[in-house]
Structures are given as structure tokens and as C-alpha cells.
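A.B. asks: Below you'll find the structure I mean.
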Amino acid sequence: MNRQILLAARPVGFPKDSDFKLVESPMPDPEEGQILVRSIYLSVDPYMRGRMNDVKSYAPPVQIGGVMGGGVVAKVVKSNNPQFKEGDIVEGTFGWQDYAVSSGQGVRKIDPGLAPISTALGVLGMPGLTAYFGLLAITNPQPGETVVVSGAAGAVGALVGQIARIKDCRAIGIAGADDKISYLNDELGFDGAFNYKTVSDYYEKLRELCPKGIDVYFDNVGGAITDAVFRLINTRARISICGQISQYNLEKPEMAPRIILTVLLTRQARAEGFLVFQFADRYPEGLRQMAQWLKEGKLKYKEDIEHGLENTPRAFMAMLQGRNMGKQLVKVADE
Ligand SMILES: NC(=O)c1ccc[n+]([C@@H]2O[C@H](COP(=O)([O-])OP(=O)(O)OC[C@H]3O[C@@H](n4cnc5c(N)ncnc54)[C@H](OP(=O)(O)O)[C@@H]3O)[C@@H](O)[C@H]2O)c1
């Protein structure tokens, strides 16, 4: 039998256990041209919260009763597709389930000799590519510039700060726990960081940490943190809008200051939203460079691993609450 986690109900506000349902279903059988894979690591990501809503977006929502989608590192257990053989380790959008069939389209073969295979969902996968292109292609940071990143201890944010350091920038992080701040400052070499859950005046704290203002802002969170950053934006600053996680579980959108005149126009700053997929034709370049920096010890990464398919909703909700340090994964089978 296969086990699957379905969307049982559309969450109102923050998701809860009853929004998900674990079911058993017959084992899928691959047809001609298809592969059968067994999941090893599942990724839980903030974007999945958006897919649970019935709204028009850049990707269709998960249907009620549908399998929760998501990136997975898996092993090919049966292949009717000449491009894959049994035992291959692959990464694809197989969803929250033990087994899946796939045509092989959009499925990437992973070299287990390069790095632990779980990294295909983190530093050498979608979050790594998001950090790489969202920082370098959108903001073109220059040596000596001050780069601020919010959501700084997460899968994307921790890499953004380190890439900023590789580019000889000052990296300042904002995250929601003291151990995350120590990790950024002591282990990842950030030039400064603060805990937005214990600091009350974000603007004053940022002024202290960024005495020359902010040249680049990588925004993962939005909300009041971002409002404070905007007040310190320098002339010709670049703002990369990656995510707005502080807004994902709100039932009503928050009001925000009007920044078009005061920040974008008068300071000639540029804010640009992006989706990592827009760089798909450059993924090989991004993965090559991230793997190189990893090998050279210039990039470090952390993974937070929950165990058991049945605990995937819990891991997802814990990640939304900030209980993860680095990339949140769920291990569902041995390698
Ligand atoms: N544009 C793209 O193509 C793209 C691709 C991937 C990810 N993203 C976005 O990038 C961001 C980071 O994703 P990730 O995968 O790296 O997740 P992550 O940072 O590993 O995990 C999410 C983190 O968000 C923080 N958070 C939760 N609620 C918050 C709030 N109200 N205010 C501030 N921080 C809050 C928590 O850390 P704290 O303890 O610090 O609160 C939590 O650990 C998300 O916004 C995501 O949607 C965008």
C-alpha cells in the first residue's frame, strides 16, 4: 500500500491538524515511459501555505482531497523509462506520499557522491537557487555594500547572507530566536543580526547595525520588519522581494506605509519581485556555483529533520512558526 497526505480542508488563518488527512491507497503501477519512486526526504516549504488556498496564483491550488504537492528526494524502484534505472536517486515534485509515479519530466538525477542527497532540497536545490539568483541576479551586490536579509536563519536566508559575505558585502540578518542569532553571527560569519521577537524598535536596531544605511534588502518576510528596513534604504538601493511569510496566514492583509514616493522615487531605489522558476535556464550555473562554494567551505548549511510521513503536517506547521533552523525536511524512508 501507498500512504499519502491529502488536503482535507482549506485552512482559515494558521493551518491545523484537521486540515490534513493521512490515507492508505493502492500502490501505483508505472505505465510505459513512467517510473515508480519511493520517497526518502520530503521538503516542507512556505509556498505550500499559498497552495492550500483556493485563489488564482502562479500555480494552481491543491484540490480538497488531493495529495499535498512538494519537492521530494526519492529512489527509483521501477523504471519503464530508459532515462532512469532502478536505484537512481532523483529529485522531483512527487508530493507528500511514500510512492509516486512520474513520466520523468522535470525529474533531476542526483549524484550521491557530490553531497548528502538531502541537499537536493536545500542548498543544492530550490532554496539554494532562490538565494543565488534572488540575491545576485536581482540586486547585483557590490563589495562594501550593506545587505540586510530577513528570515535570515531559514533555508533561503542563511544562504543569502553567506553569498553576500562571499561577495565582500556586510551581511546583516533578522530572525526570530536567540539561538538563530548566535548561529548567524558565530557560525555563518554575519556582520550582525538581531532577534525581532525580543527587540522592540527594529528601526533603531537596524540603524545601529547599518550605520551607512542599507544598499540591498532581501525580503523573505514583509510586514513590520520590512517597513523598518525601508526607512534606512540608501539611494540606488535594490530590494529583492522573495517572500512575505508574515502575511501568509493572515485572514486580512495588513496596511503598510506608502513607500513609492518616500523610498522608491526619492531614493531612486528599485524593488523587484521574483520567482525562482524564472531563472530555470540558468539552474545549471547556479547549482555548479553553489556546489563549488560548498566544496570550498565558503557555504555552510543546516537541516532540521523530522521523521515519518505522518509527521509531515507537524513539520510544515512548525516551520511556519519558525521552529526550524535551516532547511526543514521530513525523512520518510532510509536511503
Ligand atoms: N520567490 C521564490 O521563488 C521563493 C522560493 C523559495 C522561498 N521563497 C520565500 O522565501 C522565504 C523563506 O523560505 P524558506 O524556504 O527559506 O523558509 P524558512 O526561512 O526555512 O522557514 C520559514 C521561516 O519564516 C520565519 N517566519 C515565520 N513567520 C514569520 C513572521 N510572522 N515574521 C517573520 N518571520 C517569520 C520563521 O523564522 P523566524 O524564527 O526567523 O521567525 C521560519 O523559520 C519565504 O517567504 C518563502 O515563501 C520564495
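The values are calculated or read from the model by the stated rules, or taken from the named source; none is laboratory data. Predicted, not measured: the structure shown is a model, and the values here were computed from it. Don't worry about glycine lacking a Cβ; one is built from the backbone with ideal geometry, like all the others, and counts go over all protein chains shown. Heads up: the accessible areas ignore ligands, DNA and RNA and are worked out on the full protein's heavy atoms, side chains in. Shrake-Rupley method; radii C 1.70, N 1.55, O 1.52, S 1.80 Å.
A.B. asks: What are the residues in region 243-257 that are at pLDDT 95 or above and assigned to a loop (DSSP other than H, G, I, E, B), if any?
C.D. replies: Taking region 243-257 and keeping what is at pLDDT 95 or above, we get 243-250.
Those that are at pLDDT 95 or above and assigned to a loop (DSSP other than H, G, I, E, B): G243, Q244, Y248, N249, L250.
A.B. asks: Could you say which residue among G176, G154, G144 is surrounded by fewer than 21 Cβ atoms within 10 Å (Cβ to Cβ), modelled with pLDDT of 95 or more, within 15 Å of the ligand (Cβ to nearest atom) and not β-branched (V, I, T)?
C.D. replies: Working: G154 fails: surrounded by fewer than 21 Cβ atoms within 10 Å (Cβ to Cβ); G144 fails: within 15 Å of the ligand (Cβ to nearest atom).
Result of the check over G176, G154, G144: G176.
A.B. asks: Additional query: Could you say which residue among G92, G69 is open to solvent by 10 Å² or more (accessible area, probe 1.4 Å), within 16 Å of the chain's Cα centre (by Cα) and touching a residue at least 24 places away in the same chain (Cβ under 8 Å)? Break it down stepwise before answering.
C.D. replies: Details: G92 fails: open to solvent by 10 Å² or more (accessible area, probe 1.4 Å).
Result: G69 is the single residue among G92, G69 that is open to solvent by 10 Å² or more (accessible area, probe 1.4 Å), within 16 Å of the chain's Cα centre (by Cα) and touching a residue at least 24 places away in the same chain (Cβ under 8 Å).
A.B. asks: Let me ask something else. I'd like to check something: does region 275-282 contain any residue that is over 20 Å from P46 (Cβ atoms) and either within 10 Å of the ligand (Cβ to nearest atom) or touching a residue at least 40 places away in the same chain (Cβ under 8 Å) (or both)?
C.D. replies: yes
A.B. asks: Among the residues of region 260-276, is any assigned to a strand (DSSP E or B) and of a type in the set (G, A, S)?
C.D. replies: From region 260-276, those assigned to a strand (DSSP E or B) are 270-273; that's our starting set.
Right, trim to of a type in the set (G, A, S) and you get 271, 273.
Among the residues of region 260-276, at least one is assigned to a strand (DSSP E or B) and of a type in the set (G, A, S), which makes the answer yes.
A.B. asks: Is there any pair linking a residue in region 138-155 that is closer than 14 Å to V229 by Cβ to one that is open to solvent by 10 Å² or more (accessible area, probe 1.4 Å) and within 13 Å of the ligand (Cβ to nearest atom), with Cβ under 6 Å and at least six apart or on different chains, and which?
C.D. replies: S150/N220; S150/V221; S150/I225; G151/N220; G151/V221
A.B. asks: Is at least one residue of region 133-150 touching a Leu at 6+ places or on another chain (Cβ under 6 Å) and outside any loop (DSSP other than H, G, I, E, B)?
C.D. replies: No, region 133-150 has no match at all.
A.B. asks: If you don't mind, another one. Could you list, in sequence order, all residues of region 54-63 that are open to solvent by less than 90 Å² (accessible area, probe 1.4 Å) and either under 18 Å from S43 (Cβ atoms) or at pLDDT 95 or above (or both)? Before you say what the answer is, go through the steps one by one.
C.D. replies: Here is the first cut: in region 54-63, the residues open to solvent by less than 90 Å² (accessible area, probe 1.4 Å) are 55, 57, 59, 61-62.
A59, P61, V62 - these are the residues of region 54-63 that are open to solvent by less than 90 Å² (accessible area, probe 1.4 Å) and either under 18 Å from S43 (Cβ atoms) or at pLDDT 95 or above (or both).
A.B. asks: Of all residues in region 201-228 being open to solvent by less than 50 Å² (accessible area, probe 1.4 Å) and assigned to a loop (DSSP other than H, G, I, E, B), which is farthest from the ligand (Cβ to nearest atom)?
C.D. replies: Ranking the candidates gives G213 first.
A.B. asks: If I filter region 234-258 down to residues being away from the ligand (no atom under 16 Å from the Cβ) and among the polar types (S, T, N, Q), which single residue comes out as surrounded by the most Cβ atoms within 10 Å (Cβ to Cβ)?
C.D. replies: The residue in question is N234.
A.B. asks: Okay, moving on. Consider region 157-200. How many of its residues are more than 20 Å from R238 (Cβ to Cβ), in a loop (DSSP other than H, G, I, E, B) and touching a residue at least 12 places away in the same chain (Cβ under 8 Å)?
C.D. replies: Of the residues in that region, 7 qualify.
A.B. asks: To continue, here is another question. If you go through region 11-35, how many residues are open to solvent by 60 Å² or more (accessible area, probe 1.4 Å) and either among the hydrophobic types (A, V, I, L, M, F, W, C) or over 20 Å from V107 (Cα atoms) (or both)?
C.D. replies: Filtering region 11-35 down to residues open to solvent by 60 Å² or more (accessible area, probe 1.4 Å) leaves 12, 14, 16-18, 21-22, 24, 26-27, 29, 31-32.
Filter once more, keeping what is either among the hydrophobic types (A, V, I, L, M, F, W, C) or over 20 Å from V107 (Cα atoms) (or both): 12, 14, 16-18, 21-22, 24, 26-27.
Of the residues in region 11-35, 10 are open to solvent by 60 Å² or more (accessible area, probe 1.4 Å) and either among the hydrophobic types (A, V, I, L, M, F, W, C) or over 20 Å from V107 (Cα atoms) (or both).
A.B. asks: Checking P127 against (1) under 24 Å from L275 (Cβ atoms); (2) open to solvent by 10 Å² or more (accessible area, probe 1.4 Å); (3) near the ligand (Cβ under 10 Å from one of its atoms); (4) in contact with a Lys or Arg (Cβ under 7 Å, 6 or more places away or on another chain): exactly one of these is not met. Which one?
C.D. replies: It is condition (2) that P127 fails.
A.B. asks: Sort through R288, R231, R270 and tell me the only one that's away from the ligand (no atom under 15 Å from the Cβ) and either touching a Lys or Arg at 6+ places or on another chain (Cβ under 6 Å) or modelled with pLDDT under 95 (or both). Before you say what the answer is, go through the steps one by one.
C.D. replies: Values: R288 fails: either touching a Lys or Arg at 6+ places or on another chain (Cβ under 6 Å) or modelled with pLDDT under 95 (or both); R231 fails: either touching a Lys or Arg at 6+ places or on another chain (Cβ under 6 Å) or modelled with pLDDT under 95 (or both).
So the residue among R288, R231, R270 that is away from the ligand (no atom under 15 Å from the Cβ) and either touching a Lys or Arg at 6+ places or on another chain (Cβ under 6 Å) or modelled with pLDDT under 95 (or both) is R270.
A.B. asks: Which one of L294, L261, L265 is surrounded by 13 or more Cβ atoms within 10 Å (Cβ to Cβ), farther than 14 Å from M126 by Cβ and modelled with pLDDT of 95 or more? I'd like the intermediate steps shown before the answer.
C.D. replies: Details: L261 fails: surrounded by 13 or more Cβ atoms within 10 Å (Cβ to Cβ); L265 fails: surrounded by 13 or more Cβ atoms within 10 Å (Cβ to Cβ).
None of the others qualify; the one that does is L294.
A.B. asks: Right, here's the next one. If you go through region 84-99 one residue at a time, do you hit one that is under 15 Å from V72 (Cβ atoms), more than 16 Å from the ligand (Cβ to nearest atom), among the small types (G, A, S) and at pLDDT 95 or above?
C.D. replies: Yes, region 84-99 contains a residue that is under 15 Å from V72 (Cβ atoms), more than 16 Å from the ligand (Cβ to nearest atom), among the small types (G, A, S) and at pLDDT 95 or above.
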